[in-house]
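Contents: one structure, followed by commentary.
The values are calculated or read from the model by the stated rules, or taken from the named source; none is laboratory data. Just so it is clear, the structure is predicted and the values come from calculations on it, not from any experiment. Reconstructed Cβ throughout: ideal geometry from the backbone, glycine too, with neighbour counts over all protein chains shown.
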Number of protein chains: 2
Amino acid sequence: MTAALSSRTVKNALYGQVARIGKAVSSPQRLELLHLLAHGEKSVETLAAQTQLTIKNASAHLRVLREARLVEPRKEGQHVYYRLAEEGVATFFLSLRDLAERRLAEVREVSQQYFGGRKQMTPVDRRQLLSRIRAGEVTVLDLRDEPEFAAGHIPGARSLPIRELKKTLRSIPRDQEVVAYCHGPYCVLSLEAVQLLTAKGYRATRLDDGFVEWAAAGLPVERGRTGASR
Amino acid sequence: MTAALSSRTVKNALYGQVARIGKAVSSPQRLELLHLLAHGEKSVETLAAQTQLTIKNASAHLRVLREARLVEPRKEGQHVYYRLAEEGVATFFLSLRDLAERRLAEVREVSQQYFGGRKQMTPVDRRQLLSRIRAGEVTVLDLRDEPEFAAGHIPGARSLPIRELKKTLRSIPRDQEVVAYCHGPYCVLSLEAVQLLTAKGYRATRLDDGFVEWAAAGLPVERGRTGASR
DNA sequence: ACCATATTCTAAAGATCATTAGACTACTGT
DNA sequence: ACAGTAGTCTAATGATCTTTAGAATATGGT
């Protein structure tokens, strides 16, 4: 009877396919690429720069992600722009990261040492922040690059890429509390901003989550360049 | 300034940790082990038999899962029993499998060819099935091994390991519809049972999902040996 | 048409992984 | 104490993966 063999073959084939997704997310580099892409479509060049990989290496990793159908390329002019194949990829990324944080003490330790070890910067609760934004009680700064901001940001936030922060500091109202956010819990931009702002006498806190976490939580999202110019 | 370097180091460390989970689920064998463990605690011996791996190889894969903190061993007498470290591991497994089914046409093709290509066996809807069970309109057969049944099963289901099906066939009431389930969509037990039952003149359908999917959907679960003896 | 740029493809190096064999540990039964 | 069983650990094999270099392709600007 071939049933046992055949059943085994089918199981191997099916689990083998599922493992393709597993392989795609088994490299730190590819995880970082996925996370960056969750902030919007990006060219290979941009991705390589943001991950500090060579273009060739970034391209090779993107190929693996592409073959696992997690990302899709779009060619425009000289550039190839990659984006997540569906929303569900970002959701899955977050659930993988959550599981890792829950299961692996090492993750908590590293992030505690690096992020928790500095000055107290209470992470702000999301819902609470939203109502305070709507009440106009707080200035929200988005420290990511302009294209990331344009692809989606917290409603009412102001685009202020970290490089421009020092220059543009004076335009931030001093009388209001400032909340800074960036790419998420593993990103240091908001940390640096809060340190600078605090040093200059602002009341500044860091939103522990980034835009991806905000959007995945089903909270409202604003698109386009609003707030970028003023 | 060391900020850039340091930030990169931290990112690598954190994504490297997350990738540990990714590596753990990047092998077909480990995925199958995880899925089996979602049906309850099992010894290395049982796991090796069910996956058709050698004990040594199964042990090596379990070690990887253990090092990723996805499973935990418990030693009792001569045997080492492994179980999932938390419920969330099963949930994560299901979300990975769902993503794979959504993204990879190959998964759909293989399962279509193998499961869809046979006689029509409409998968039964879960909620609907539950109300029909409660109304006593349907006989539900659990074809998994006895220990798996004891660890948790659909309420009112009857334990009937596939090996005993032919012997015990006559004890199944002929006037009621029969619904069979097993380990889930990649498992052939319910398929075989439905073929046999249909050949014997029963009205039999297959529940496409297995116990893990049922439990993850938040539906009620029954434990112990009830129904196993009669 | 020609050159520069962005990216991929191919190939090759070293690193890591899967699998198995052999030695070893721990427990059970006699 | 002794033998037998279950499982792990170590080491070795071949297979696969990561990274980089070099060649190839495609696009846009001149």
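So, of the residues in the stretch A:20-40 that are near DNA strand D (Cβ under 9 Å from one of its atoms) and free of Cβ contacts under 8 Å to residues at least 24 places away in the same chain, which turns out to be farthest from residue B:31 (Cα to Cα)?
Restricting to residues being near DNA strand D (Cβ under 9 Å from one of its atoms) and free of Cβ contacts under 8 Å to residues at least 24 places away in the same chain, the top hit is A:28.
Among the residues of the stretch A:96-113 satisfying the criterion of being under 17 Å from residue A:25 (Cα atoms) and basic (Lys, Arg), which is surrounded by the most Cβ atoms within 10 Å (Cβ to Cβ)? So that I can check it myself, show each step before the final result.
First pass over the stretch A:96-113, keeping only residues under 17 Å from residue A:25 (Cα atoms): A:96-101, A:103-104, A:107.
From what is left, the residues that are basic (Lys, Arg) are A:97, A:103.
Details: A:97: 25, A:103: 22.
Within the stretch A:96-113, the match that is surrounded by the most Cβ atoms within 10 Å (Cβ to Cβ) is A:97.
Residue A:43 passes all but one of (1) more than 20 Å from residue A:211 (Cβ to Cβ); (2) near DNA strand C (Cβ under 9 Å from one of its atoms); which number fails?
That leaves (1) as the condition not met.
Let's see how each residue does on (1) under 19 Å from residue B:11 (Cβ atoms); (2) of a type in the set (Ser, Thr, Tyr):
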| residue | (1), (2) |
| --- | --- |
| A:62 | yes, no |
| A:66 | no, no |
| A:72 | no, no |
| A:81 | no, yes |
| A:93 | yes, no |
| A:96 | yes, no |
| A:101 | yes, no |
| A:104 | yes, no |
| A:115 | yes, no |
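Sort out which residues of the stretch B:180-206 are β-branched (Val, Ile, Thr) and within 17 Å of the chain's Cα centre (by Cα), and write them in order of number.
Applying the first criterion (β-branched (Val, Ile, Thr)) to the stretch B:180-206 yields B:188, B:194, B:198, B:205.
Answer for the stretch B:180-206, where residues must be β-branched (Val, Ile, Thr) and within 17 Å of the chain's Cα centre (by Cα): just B:188.
Would you pick out the residues in the stretch B:87-115 that are more than 7 Å from chain A (Cβ to nearest Cβ), without any contact (Cβ under 8 Å) to a residue 40 or more places away in the chain and within 19 Å of residue B:214 (Cα to Cα)?
Correct list: B:87, B:98, B:101.
Consider the stretch B:68-82. How many of its residues are more than 10 Å from DNA strand C (Cβ to nearest atom) and not β-branched (Val, Ile, Thr)?
8
I'd like the full set of residues that are assigned to a loop (DSSP other than H, G, I, E, B) and of a type in the set (A, V, I, L, M, F, W, C), limited to the stretch A:188-230. Please lay out each step first, then the result.
Pass one, the stretch A:188-230, residues assigned to a loop (DSSP other than H, G, I, E, B): A:188, A:200-203, A:207-210, A:217-221, A:223-230.
Scanning the stretch A:188-230 gives A:188, A:207, A:217, A:219, A:221, A:228.
Looking only at the stretch A:41-95, count every residue that is among the aliphatic types (A, V, I, L, M), crowded, with 18+ Cβ neighbours inside 10 Å and within 14 Å of DNA strand D (Cβ to nearest atom) and tell me the total.
The number of residues fulfilling the criteria is 10.
Filter the stretch A:48-67 for residues that are among the small types (Gly, Ala, Ser) and within 14 Å of chain B (Cβ to nearest Cβ); which is farthest from DNA strand C (Cβ to nearest atom)?
Just the residues of the stretch A:48-67 that are among the small types (Gly, Ala, Ser), to begin with: A:48-49, A:58-60.
Right, trim to within 14 Å of chain B (Cβ to nearest Cβ) and you get A:48-49.
Working: A:48: 7, A:49: 9 Å.
Filtering first and then ranking leaves A:49.
Quick check: anything in the stretch A:14-28 away from DNA strand C (no atom under 15 Å from the Cβ), crowded, with 22+ Cβ neighbours inside 10 Å and not in a helix (DSSP H, G or I)?
From the stretch A:14-28, those away from DNA strand C (no atom under 15 Å from the Cβ) are A:14, A:17; that's our starting set.
Still in the list and also crowded, with 22+ Cβ neighbours inside 10 Å: A:14, A:17.
So of that shortlist, the ones also not in a helix (DSSP H, G or I) come out as none.
Looking for residues that are away from DNA strand C (no atom under 15 Å from the Cβ), crowded, with 22+ Cβ neighbours inside 10 Å and not in a helix (DSSP H, G or I), one finds none in the stretch A:14-28, hence no.
For residue A:80, are the conditions met, namely being at the interface with chain B (Cβ under 7 Å from one of its Cβ atoms) and at pLDDT 95 or above?
Numbers: at the interface with chain B (Cβ under 7 Å from one of its Cβ atoms): no; at pLDDT 95 or above: yes.
Criteria not met by residue A:80.
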